[in-house]
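Shown next, in structure tokens, is the structure this report addresses.
The values are calculated or read from the model by the stated rules, or taken from the named source; none is laboratory data. The structure presented is a predicted model; accordingly, all values stated were derived computationally and were not measured. Note: ideal-geometry Cβ built from the backbone for every residue, glycine included; neighbour counts use all protein chains shown. Just the protein is used for accessible areas: all its heavy atoms, side chains included, with ligands, DNA and RNA removed. Shrake-Rupley method; radii C 1.70, N 1.55, O 1.52, S 1.80 Å.
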Amino acid sequence: MLPRLTALAAALLLAGSCAAQAAHFEVTAYQAGGGYSGELAGEPFSHDASDISPEGEVSFLGAYQAPDASHGYAADTFLQSGNNLLMSTTQYVDAGLAYSGDVLLSVPQITLKIVGDGEALGSAVRVSFSGLANAVNHFAGTTGMLTMDMAVTSGNTTLGSFLWDASTDGTAMQNVSFSFLSNIGDSVTLSSNITSGLMADGSQTELASVAGNLDGNFTIAAVPEPEQYAMLL
């Protein structure tokens, strides 16, 4: 005969079942873009990122290198399967050049619907995001800047957010995490941006660069109903 579950064992089983992925995001609409612009020795330049999004996902990709390889950038945004977010940018300028350049990677709006994986419409869920932001900057005598931000909203309510000014020379990182309650069938809005810039007067003696990335995952877990707690009694 099987032994009866103790209250502790039952609690562990319930906690395990509630922590499992109960739903996922589906992209229903989006706005995204970005690019690279500035001046080199007084001559303007610009390059736009391209939308390469497959159905149900968001993907933007941009890259440019000057013909003489004196400056350039690369940037990408990926929201894969509605759950994995990756954004990264880098730009550089060679020594001895008068230069002013900016890179913008912007996702002003992605509408995400919470779709149940077996959970009924209207069921309560907890949405969590966990990730890491990195900055690797080598200003080399130039003026440089790098900022990152991210937010999930519902109407005028901010459900979770992250803001980091990473405009420091060298390497740095920040953990990114937040969570909020919602329901199967609800929609939320994700926005995220990375902005970088370099300004040089031509006196720098080596290559200057600025780079940042944000990488993380959303998970959506069921919130146990009151009767599930009552079972533990």
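Simple rule: put +1 on each Lys or Arg Cβ and -1 on each Asp or Glu Cβ in the chain, find the dipole, and look at Ala200, Leu85, Ser179; the Cα lying farthest toward the positive end is Ser179.
Between 0 and 90 degrees, the angle of helix 7-19 with respect to the longest Cα principal axis of the chain falls at about 40 degrees. Over the chain, Cα pairs under 8 Å with separation of 6+ residues give a relative contact order of 27 percent. For the set Ile110, Ile52, solvent exposure ranked by accessible area (probe 1.4 Å, protein chains only) runs largest to smallest as Ile52, Ile110. 3J(HN,Hα) couplings calculated from phi for the range 208-218 with the Karplus curve 6.51 cos²θ - 1.76 cosθ + 1.60 (θ = phi - 60°) are, in sequence order, 10, 8, 9, 8, x, 8, 10, 9, x, 10, 8 Hz; Gly and Pro show x. The slack between Ser177 and Glu55, meaning 0.36 nm per residue of separation minus the straight C-alpha distance, is 41.2 nm. What the chain shows is 50 Å² of accessible area per residue, with the surface traced by a 1.4 Å probe over protein heavy atoms.
With a/c under 1.5 counting as rounded, go ahead and sort the range 74-160 into rounded, prolate or oblate using the C-alpha gyration tensor (a ≥ b ≥ c being the square roots of the eigenvalues; past the cut-off, prolate if a/b is larger than b/c, else oblate). Because a/c hits 1.5 or more and a/b exceeds b/c, the range 74-160 counts as prolate. Rounded to the nearest Hz, the phi-derived 3J(HN,Hα) couplings of the range 191-201 under the Karplus curve 6.51 cos²θ - 1.76 cosθ + 1.60 (θ = phi - 60°) are 9, 7, 9, 10, 10, 9, x, 9, 9, 10, 9, where x marks glycine and proline. Here the chain exposes an accessible surface that is 54 percent carbon and sulfur, computed with a 1.4 Å probe and the other protein chains kept in place. Extension gain for the segment Leu121 to Ala98, taken as residue separation times 0.36 nm less the Cα-Cα distance, is 2.5 nm to one decimal. Between the labelled values (1) 36; (2) 44; (3) 22, the entry that holds percent of Cα pairs over 31 Å apart as derived from this structure is (1).
Which residue fluctuates the most in the chain, going by a Gaussian network model with Cα springs under 10 Å, if the choices are Leu159, Leu181, Leu112? In this elastic network of the chain, the residue with the biggest mean-square fluctuation among Leu159, Leu181, Leu112 is Leu181.
The modelled label-to-label distance between Glu26 and Ser187, using points 7 Å beyond Cα along the C-beta direction, is 1.2 nm. Set the Förster radius R0 to 35 Å, insert the Cβ-Cβ distance between Ser46 and Glu206 as r into 1/(1 + (r/R0)^6), and round the FRET efficiency to 0.05. With R0 = 35 Å, the Cβ-Cβ based efficiency is 0.85. Here Asp68 and Asp169 are evaluated by their C-beta separation; at R0 = 35 Å the FRET efficiency comes out at 0.85.
Just checking the listed ones, Thr90, Thr158, Thr142: in the Gaussian network model of the chain with Cα springs under 10 Å, the one fluctuating most is Thr158.
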